[in-house]
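The values are calculated or read from the model by the stated rules, or taken from the named source; none is laboratory data. For clarity, every value in this text was computed on a predicted model and none was experimentally measured. As a convention, Cβ positions derive from the backbone with ideal geometry for all residues, glycine included, and neighbour counts pool all protein chains shown.
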């Protein structure tokens, strides 16, 4: 493949609302909202030449403050089979990291099947679903692996070549439009153009973009930005601490857990931070509670966190009990108040729990008379 060359053009063009009648809606809400607001945006166009015969224009939309918003491309490509080529007109949209967002049909344009049958609504919906899958059977397939030559029919041995069942394969294509599905999917997920989108976005990187990405509903943006503001040692770049707090306390379990694991112990120490972390723990989902407790296993705790953990042990299930008691057991020294709360839990009916609590208390060799008295009473049962 010939080396790519890029042509940069700056233009002022109106971008009006484009209805998604046939393109399908997907998860990147912030991008969709921008697409739905009539604005006068700047369009930066990149003329891309992939080889001697293939050139196309990729466009980046910027707002009035010159901030990048998303990429799009007005696609015109022939789809050829059975000695006939059909022109396909379609518009594709990507986020700023090159993740495919959606497609839409230009006004007055339609898609057709092998016998010139027009796509129906269910076909457009299915195409939207097919194009939304980044992990498709198309990924490593060539057209000749998929199709019987000179037809639009699946090859007899396609299931053997893909390792997928014939039913699964049929779910990935539209009957009578397999070439179209294959061609458009490879345009949506073309590695070279995605790399170019990422390079362009990198050229705009700055604190404003990083804050915006970290606060985005687009989890791809959050992961990307976290890699930029948290170094390998877990140190968070100055000025981005609150952004990371918001992700950890957010509703997306996966990004919250990722942020929690990326930050170093220094991010999780101190009175203010640990009081916030306990409040987050108390309000979050069970899987995130488990993640927070696992993350605290090697973090030095303030007295209030020790007390909260000790006090909540009684109402915990076996998993949370084990994690909470394990955290307390790993402290260099357990506060007297935390020891007293644990000692009161020796009166619980769960003998397995009380036996483990006693072992932890014994490890710290309490000097408090009340604690020692409760331990003696437990021991004498």
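If you go through the stretch 115-141 and keep only what is farther than 22 Å from residue 91 by Cβ, surrounded by 10 or more Cβ atoms within 10 Å (Cβ to Cβ) and more than 29 Å from the chain's Cα centre (by Cα), you end up with just 117. Condition check for residue 151 on (1) at pLDDT below 80; (2) more than 18 Å from residue 186 (Cα to Cα); (3) under 32 Å from the mean Cα position of the chain (by Cα): one failure, at (3). Inside the stretch 310-322, can you point out the residues that are under 31 Å from the mean Cα position of the chain (by Cα) and crowded, with 19+ Cβ neighbours inside 10 Å? The answer is 321, and nothing else. Of the residues in the stretch 346-361, none is on the phi > 0 side of the Ramachandran plot and free of Cβ contacts under 8 Å to residues at least 12 places away in the same chain. Out of everything in the stretch 176-206 that is touching a helix residue (DSSP H, G or I) at 6+ places or on another chain (Cβ under 9 Å), assigned to a helix (DSSP H, G or I) and without any contact (Cβ under 8 Å) to a residue 60 or more places away in the chain, what residue ends up being surrounded by the most Cβ atoms within 10 Å (Cβ to Cβ)? Looking at residues that are touching a helix residue (DSSP H, G or I) at 6+ places or on another chain (Cβ under 9 Å), assigned to a helix (DSSP H, G or I) and without any contact (Cβ under 8 Å) to a residue 60 or more places away in the chain, I get 178. Of all residues in the stretch 87-103, exactly one satisfies the criterion of being surrounded by fewer than 22 Cβ atoms within 10 Å (Cβ to Cβ), touching a residue at least 24 places away in the same chain (Cβ under 8 Å) and more than 18 Å from residue 69 (Cα to Cα), namely 88.
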